[in-house]
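The block underneath contains the structure these notes are about, expressed in structure tokens.
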Amino acid sequence: MNLLFRQGTIVDPSQKLHKVADLGVEDGRVAEIAPRIRGKGRKEIDAQGLILAPGFIDMHVHLREPGREDAETIETGTNAAARGGFTAVACMPNTDPVNDSEAVTSFILERAREVSKIAVYPIGAITKGSQGEALAEIGEMKRAGIVAISDDGRAVQNNQVMRRAMEYSTLFDLPVIDHCEDKDLSAGGCMNEGYYSTLLGLRGINPAAEEIHVIRDAMLCRQTRARVHIAHISTRRSLEVVKHAKREKTSITCEVTPHHLILTEAEVITYNTNTKMNPPLRTKEDVDALIQGLASGAIDVLATDHAPHNVNDKMLEFDRAPFGVVGLETAVSLILDRFVRTEQLSLERMVLAFSINPARILKLDRGTLSPGAWADITVLDPKLRVEVRGSDFQSRSRNTPFEGWKLIGGPAMTVVKGRIVWS
Ligand SMILES: [Zn+2]
């Protein structure tokens, strides 16, 4: 049944729109936006006090299928995304087997068609098995449907391999998403290197492990003219490098996660393994720089790095537990509560970072509510009272560092191609 939203606040920077209006949907697409629209038998939704935004896209998630269905599946992960307000996700290739071939890409897309209510875009590996040596079958995967390449989680160490990957990516017009980490510098580390790692007696990860790779990528990006996207940027100096590269008109973009914007390394003092992620939580100075970078637009994208882990895996000692936290079902509320409500971030910036910029970087036909576009709509309720409870998650995993947090604002409804997939 076609939908008609009555008197919602439409926030769509792709059309420079921020006003109260009706929005009509027909045949899965946005039909019109106007002060008053006739009903024409459509299902009417009272959207007074709610915000209608182009559907949110999380361009950095781990769905774990194939291989670790005990932690997440394409079905549970996309249900979590829908509940969290996301109409599309791009999934990283570090599954088992790694998505480095047409066969795995096709499997993911096939599975998504069967079980997912939202759009799923696979990301292919840069190198075979993400081993960092021979390039993967990038052309073959592109034909099968990947939207980017990345060795997320394993980080390409060899600079020549990365250079070739960037050169190659331009032939297929695919962005290269890089998890920046010099493995020699980070070896054995489990939290940020500094005062707290010394205090807690844990092996630190030198922030330069990330920054050196960001510098490398900026240099190679300029040379190869590839489109390079820095995943989960976490330090002030990494951001300085990206800003500098952008001033030189290099085609570089970057993303930040909610946890790197909200938590500092001090959280690790509890030894809660849900504060262990890679890159690790950093200092207050880094956090402040990232918030500013997001507000100014120097950081393009908000992405969760949703990394579900089985509870038994996370129950290990801090230095032995796996890296990563879930994020799909908390991201939108965290950003609304912490940054929009406190006026550090405009709604426009939030929508750019959650929808328009990921669509632009991945070249998706989404990320706008202009008439004729797919009716992918994230409906936000700025007054919604939310308490984070892992037991409420649609995700199969509960490894959140925000358990018990009380937040104001959150997703009220998720609409994909004109269909309500969660409310
Ligand atoms: Zn990563």
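The values are calculated or read from the model by the stated rules, or taken from the named source; none is laboratory data. All of these numbers come straight from a predicted model, not from anything done at the bench. In this analysis, Cβ positions are derived from the backbone assuming ideal geometry, glycine residues included, and neighbour counts consider all displayed protein chains. For accessibility, only protein heavy atoms count, side chains too; no ligands or nucleic acids. Shrake-Rupley method; radii C 1.70, N 1.55, O 1.52, S 1.80 Å.
Mind listing just one residue for me: the one in the stretch 369-404 that is in a loop (DSSP other than H, G, I, E, B) and without any contact (Cβ under 8 Å) to a residue 40 or more places away in the chain and, of those, most open to solvent (accessible area, probe 1.4 Å)?
ARG389
May I ask you to say which residue of PRO66, PRO54, PRO35 is of a type outside the set (S, T, N, Q), in contact (Cβ under 8 Å) with a residue 40 or more places away in the chain and within 28 Å of LEU369 (Cβ to Cβ)? Step through it out loud before you land on a result.
Values: PRO66 fails: within 28 Å of LEU369 (Cβ to Cβ); PRO35 fails: in contact (Cβ under 8 Å) with a residue 40 or more places away in the chain.
Checking each option against the conditions leaves just PRO54.
Testing ALA266 on (1) under 14 Å from THR304 (Cβ atoms); (2) of a type in the set (Gly, Ala, Ser); (3) open to solvent by 10 Å² or more (accessible area, probe 1.4 Å), one condition comes back false. Which one is that?
(1)
Please determine whether any residue of the stretch 132-154 is away from the ligand (no atom under 16 Å from the Cβ), hydrophobic (A, V, I, L, M, F, W, C) and over 25 Å from SER106 (Cα atoms).
Looking for residues that are away from the ligand (no atom under 16 Å from the Cβ), hydrophobic (A, V, I, L, M, F, W, C) and over 25 Å from SER106 (Cα atoms), one finds none in the stretch 132-154, hence no.
Tally the residues that are in contact with a strand residue (DSSP E or B) (Cβ under 9 Å, 6 or more places away or on another chain) and more than 18 Å from LEU281 (Cα to Cα), restricting the search to the stretch 163-192.
Residues that pass the stated criteria total 11.
With the condition being among the aromatic types (Phe, Trp, Tyr) and modelled with pLDDT of 95 or more, I'd like the strands (runs of 3 or more DSSP E) fully within the stretch 1-52 carrying at least 1 qualifying residues.
3-12
Among LEU171, LEU199, LEU185, which is the only one that is surrounded by fewer than 23 Cβ atoms within 10 Å (Cβ to Cβ) and touching a helix residue (DSSP H, G or I) at 6+ places or on another chain (Cβ under 7 Å)?
That would be LEU185, the only listed residue that is surrounded by fewer than 23 Cβ atoms within 10 Å (Cβ to Cβ) and touching a helix residue (DSSP H, G or I) at 6+ places or on another chain (Cβ under 7 Å).
Do any residues in the stretch 198-211 that are acidic (Asp, Glu) have Cβ atoms under 7 Å from those of residues that are open to solvent by less than 20 Å² (accessible area, probe 1.4 Å), where the two are at least six apart or on different chains, and which pairs are they?
GLU210/CYS180; GLU210/GLU181; GLU210/SER234; GLU210/THR235; GLU210/SER238; GLU210/PRO279; GLU211/THR235; GLU211/SER238
Suppose we filter the stretch 408-423 for residues that are touching a residue at least 60 places away in the same chain (Cβ under 8 Å), open to solvent by 60 Å² or more (accessible area, probe 1.4 Å) and not in a strand (DSSP E or B); how many remain?
1
Select the helices (runs of 4 or more DSSP H) contained entirely in the stretch 275-358, then report the ones holding at least 3 residues which are under 24 Å from GLN394 (Cα atoms). Before the answer, list the steps.
Numbers: elements: 284-296, 311-314, 331-335, 347-351.
Qualifying helices (runs of 4 or more DSSP H): 311-314, 331-335.
I'm trying to understand the selection: among the residues of the stretch 40-59, which are among the β-branched types (Val, Ile, Thr) and open to solvent by 10 Å² or more (accessible area, probe 1.4 Å)?
Matches in the stretch 40-59: ILE45, ILE51.
Has the stretch 64-80 got any residue that is within 24 Å of VAL228 (Cβ to Cβ), away from the ligand (no atom under 16 Å from the Cβ) and crowded, with 24+ Cβ neighbours inside 10 Å?
No, there is no match, as no residue in the stretch 64-80 is within 24 Å of VAL228 (Cβ to Cβ), away from the ligand (no atom under 16 Å from the Cβ) and crowded, with 24+ Cβ neighbours inside 10 Å.
I'd like to verify a number: residues in the stretch 223-270 that are small (Gly, Ala, Ser), part of a helix (DSSP H, G or I) and touching a residue at least 40 places away in the same chain (Cβ under 8 Å), how many?
The number of residues fulfilling the criteria is 2.
For the stretch 92-129, which residues satisfy the criterion of being outside any loop (DSSP other than H, G, I, E, B), touching an Asp or Glu at 6+ places or on another chain (Cβ under 9 Å), under 17 Å from VAL176 (Cα atoms) and open to solvent by less than 10 Å² (accessible area, probe 1.4 Å)?
Within the stretch 92-129, THR105, GLY124, THR127 qualify.
I need the full set of residues from the stretch 157-186 which are over 18 Å from ILE205 (Cβ atoms), within 16 Å of the ligand (Cβ to nearest atom) and either part of a loop (DSSP other than H, G, I, E, B) or among the polar types (S, T, N, Q) (or both), in order please.
PRO175
Show the residue pairs meeting these rules: Cβ distance below 7 Å; 6+ apart or different chains; first residue within the stretch 8-23 and more than 11 Å from LEU347 (Cα to Cα); second residue crowded, with 20+ Cβ neighbours inside 10 Å and hydroxyl-bearing (Ser, Thr, Tyr).
SER14/THR368; GLN15/THR368
When the stretch 276-307 is examined, which residues are found to be of a type in the set (S, T, N, Q) and open to solvent by less than 10 Å² (accessible area, probe 1.4 Å)?
Matches in the stretch 276-307: THR304 only.
Tell me which of these GLU193 doesn't satisfy, since it passes every other one: (1) crowded, with 22+ Cβ neighbours inside 10 Å; (2) without any contact (Cβ under 8 Å) to a residue 24 or more places away in the chain.
(1)
With respect to the numbered conditions (1) open to solvent by 10 Å² or more (accessible area, probe 1.4 Å); (2) closer than 21 Å to MET315 by Cα; (3) touching an Asp or Glu at 6+ places or on another chain (Cβ under 7 Å), which one is the sole condition not fulfilled by THR253?
Of everything listed in (1) open to solvent by 10 Å² or more (accessible area, probe 1.4 Å); (2) closer than 21 Å to MET315 by Cα; (3) touching an Asp or Glu at 6+ places or on another chain (Cβ under 7 Å), THR253 misses just condition (2).
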